[in-house]
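The structure appears below as structure tokens.
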Amino acid sequence: MTIQDLKSQNLILFEVISGSKSFGLNTPTSDTDIKGVYYLPKEKFYGLEYIPQVANATNDEVYYEIGRFVELLLKNNPNILELLATPEDCILYKHPLMEQLQLKDFLSKLCKDSFAGYAITQIKKARGLKKKIVNPMAKEKKSLLDFCYVLQGYDTVALSLFLAEKQWSQEQCGLINLPNSKGMFALFYDATSRLGYKGIIQKENSNEVSLSSIPKGEKHIGYLSVNQDGYSKYCKEYTEYWEWMEKRNEERYNTNQQHGKNYDSKNMMHTIRLLQTAEQILSMGTLNIRVSNREELLAIKAGGMEYDALLEIADGRIASVEKHYITSSLPERPDEESIIKNLISIRELLYQ
């Protein structure tokens, strides 16, 4: 199904303007995000074509089937609770049956993990992104050879330098394992290429060194140390970095470059907002998504604060959330049995 199908068949139960405009954080360049709730035609719901979510290609318009919507509300999912808490001036349409889903019936102590937990995840993500921005990676990928070192006395020298000094090639090297010595190998060299050594690696993208059959009596030329763990870590970071480069939002990236603070400022703004929201829910038992500190949050988005100062603010908010969690009068979790009965009642009215 498409969003147009939902509209043409009058299946929409709830439709709102979400995101920055509902939070009161919109600027002249802000997009308009639309979210909503729908129900499926009877034959699809009772048949084998249950469709929990419908979105457009850019995901700035997303609609949830009412059962999926309730399921996420029961988990205190931040995006879904905020959707239900949309201010009146951002509600485009609301079916009378949606009045049976009251925000107060869903707010619970689960929000500590759903809101604050998500915010903590975003802080970790921001740290990782800062590392990517500050430490760009070369497009040319290193090979395992770059993580190999030859022992020389009480020191080591990079394999590439060792081979270059001797004008040797890695393809004419041979290795054998050293017992009880992880990552250590005896190194041999055959300048004639007659002994059939396999080289240190056989392919540029090899993840392990090659071992050779060494004729008895051949004298080793040294010992090779292979930092396999370091290479594995590098490969993981390389893949993550270039996937991020391909998928990054250029507008946000350019904004981050312009303010020069080396962190995703929009991400950090929403992280602080989420922590504020968790505080509000736990301390007051309510959820008002329209922020009262618009200018402060927009200043964060514009890169007006240092990264370490933001982390201090976040740490303080997290401590406050933990404190309010202990004293909150909210239930541990929503009354699932009662809410499911309510959902069944709504469905019966929709499909009668």
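The values are calculated or read from the model by the stated rules, or taken from the named source; none is laboratory data. The structure displayed is predicted, hence computed values, not measured ones. For neighbour counting, all protein chains shown are included, and Cβ atoms are generated from backbone atoms with ideal geometry for every residue, glycine included.
Residue-wise test of (1) under 24 Å from the mean Cα position of the chain (by Cα); (2) not aromatic (Phe, Trp, Tyr).
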{"residue": "TYR38", "(1), (2)": "no, no"}
{"residue": "TYR50", "(1), (2)": "no, no"}
{"residue": "VAL54", "(1), (2)": "yes, yes"}
{"residue": "GLU61", "(1), (2)": "yes, yes"}
{"residue": "TYR64", "(1), (2)": "yes, no"}
{"residue": "LEU73", "(1), (2)": "yes, yes"}
{"residue": "ASN79", "(1), (2)": "yes, yes"}
{"residue": "THR86", "(1), (2)": "no, yes"}
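Of the set (1) at pLDDT below 85; (2) under 22 Å from LYS21 (Cα atoms); (3) hydrophobic (A, V, I, L, M, F, W, C), all apply to ALA299 but (1). Give the residues of region 87-118 that are within 20 Å of SER283 (Cα to Cα) and among the hydroxyl-bearing types (Ser, Thr, Tyr), sorted by residue number. Correct list: SER108, SER114, TYR118. Just one of (1) over 30 Å from the mean Cα position of the chain (by Cα); (2) more than 30 Å from LYS247 (Cα to Cα) fails for ILE91. It is (1).
Matching residues to (1) over 24 Å from ILE344 (Cβ atoms); (2) of a type in the set (Ser, Thr, Tyr); (3) modelled with pLDDT of 95 or more:
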{"site": "LYS7", "(1), (2), (3)": "yes, no, yes"}
{"site": "ILE12", "(1), (2), (3)": "no, no, yes"}
{"site": "GLY19", "(1), (2), (3)": "yes, no, no"}
{"site": "PHE23", "(1), (2), (3)": "yes, no, yes"}
{"site": "ASN26", "(1), (2), (3)": "yes, no, no"}
{"site": "ILE34", "(1), (2), (3)": "yes, no, yes"}
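Listed by position, the helices (runs of 4 or more DSSP H) enclosed by region 1-110 that each have at least 1 residues that are of a type in the set (S, T, N, Q) and surrounded by 17 or more Cβ atoms within 10 Å (Cβ to Cβ) are 20-23.
Looking only at residues in region 201-252 that are within 30 Å of ALA302 (Cβ to Cβ) and in a loop (DSSP other than H, G, I, E, B), the one that is nearest to the chain's Cα centre (by Cα) is ARG248. Selection within region 171-200: residues that are closer than 25 Å to GLU140 by Cβ and not hydrophobic (A, V, I, L, M, F, W, C). The member of this set that is farthest from the chain's Cα centre (by Cα) is GLN172. Can you find a residue that is closer than 28 Å to THR239 by Cα, touching a helix residue (DSSP H, G or I) at 6+ places or on another chain (Cβ under 7 Å) and of a type in the set (A, V, I, L, M, F, W, C) anywhere in region 152-175? Taking every residue of region 152-175 in turn, at least one turns out to be closer than 28 Å to THR239 by Cα, touching a helix residue (DSSP H, G or I) at 6+ places or on another chain (Cβ under 7 Å) and of a type in the set (A, V, I, L, M, F, W, C). Answer yes or no: is there a residue in region 207-217 that is farther than 17 Å from LYS236 by Cα, exposed (fewer than 11 other Cβ atoms within 10 Å of the Cβ), touching a Lys or Arg at 6+ places or on another chain (Cβ under 9 Å) and free of Cβ contacts under 8 Å to residues at least 60 places away in the same chain. Checked against the condition, which is being farther than 17 Å from LYS236 by Cα, exposed (fewer than 11 other Cβ atoms within 10 Å of the Cβ), touching a Lys or Arg at 6+ places or on another chain (Cβ under 9 Å) and free of Cβ contacts under 8 Å to residues at least 60 places away in the same chain, region 207-217 yields at least one hit.
Within region 111-123, being hydroxyl-bearing (Ser, Thr, Tyr) and buried (at least 20 other Cβ atoms within 10 Å of the Cβ) holds for one residue alone: SER114.
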